[in-house]
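Everything below concerns the one structure shown next.
The values are calculated or read from the model by the stated rules, or taken from the named source; none is laboratory data. These figures come from a predicted structure and were not determined experimentally. Note that each Cβ is placed from the backbone with ideal geometry, even for glycine, and that neighbours are counted across all protein chains shown. To get the accessible areas, we keep the full protein, side chains included, count just its heavy atoms, and leave off ligands, DNA and RNA. Shrake-Rupley method; radii C 1.70, N 1.55, O 1.52, S 1.80 Å.
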Amino acid sequence: MIENGWTRLSQTASRIAERTVSLMFAGVFVVFVYKIVMRYALGDAVAWADEVCVILFVWIIFCANAFVVSDRRQITFDLVYRLLSPRARRVSRMVRLIVVGGLFAWALPAVIDYILFLWRERTPVLSLPLDIVYSCFGLFVAAVIVRSFVELIRLARPDWQRHV
């Protein structure tokens, strides 16, 4: 029963994240078209448009990988993995999750510290604080840790075959 509630919550959060990332892509498109029109039709180079596009792309990459793209949809090198037995696949996935999740957990305090340090720096054109611009990286690192932990729990349960 609890798993169904978490699954529903996870699916709802994923849909919200998908829509948010889609809106960010639409924002990149609108700003990019605006910049082209201003540059070539009206002869006015709008510098802020480049900065907005770059910031949106940074957020798109980290938010999509943190909240939208599942591990199964990531590009992987699985030539050896496919040859393994289900038990060996389970062990290999668990080792990968421990290594990746552990490294990200180890790095998280330094990542947060550096993001908080960036409050004094600003973007060149819009003067946006860099701690806000790069806060999405902290969310990404935290999401990888949580996803690794949740997947480890799934692989440790008796019904682990469903998750390999």
On the accessible surface of the chain, probed at 1.4 Å, how many percent belong to carbon and sulfur atoms? 70 percent
Per residue value of the accessible surface for segment 63-164 (all protein chains in place, 1.4 Å probe), Å²: 68 Å²
Taking Lys and Arg as +1 and Asp and Glu as -1, residues besides Trp48 with C-beta under 14 Å from its C-beta add up to 0
Stretch gain in nm, segment Arg162-Leu103, where the contour uses 0.36 nm per residue and the Cα spacing is subtracted: 18.6 nm
Would you mind checking the radius of gyration and Dmax of segment 95-164 based on alpha-carbon positions, in Å? 16.6, 55
Apply the membrane-span-like helix rule to the chain: whole DSSP H runs, Cα extent along the own long axis of at least 27 Å, mean Kyte-Doolittle hydropathy at least 0.0. List the helices found. 2-36, 86-117, 135-156
Residue span Ser85 to Asp44: 0.36 nm per residue of separation minus Cα-Cα distance leaves a gain in nm of 8.6 nm
Compactness index (Cα Rg / 2.2 N^0.38 Å), the chain: 1.32
What is the gain in length, in nm to one decimal, between Met94 and Trp6 on full extension, counting 0.36 nm per residue of separation less the C-alpha to C-alpha distance? 29.5 nm
Give me P(r) over segment 122-162, computed from all C-alpha to C-alpha distances, binned every 5 Å, as integer percentages. 6, 20, 14, 12, 11, 10, 8, 7, 5, 5, 2
When only DSSP loop residues count, what chymotrypsin sites (Phe, Trp or Tyr not before Pro) in segment 64-164 have their Cβ near at most 16 other Cβ atoms within 10 Å? Phe77
Under the helix-only model (-39500 (n - 2.57) for each DSSP H run of 4 or more, divided by the residues of the chain), the mean residue ellipticity at 222 nm, to 500 deg cm²/dmol, is -24000 deg cm²/dmol
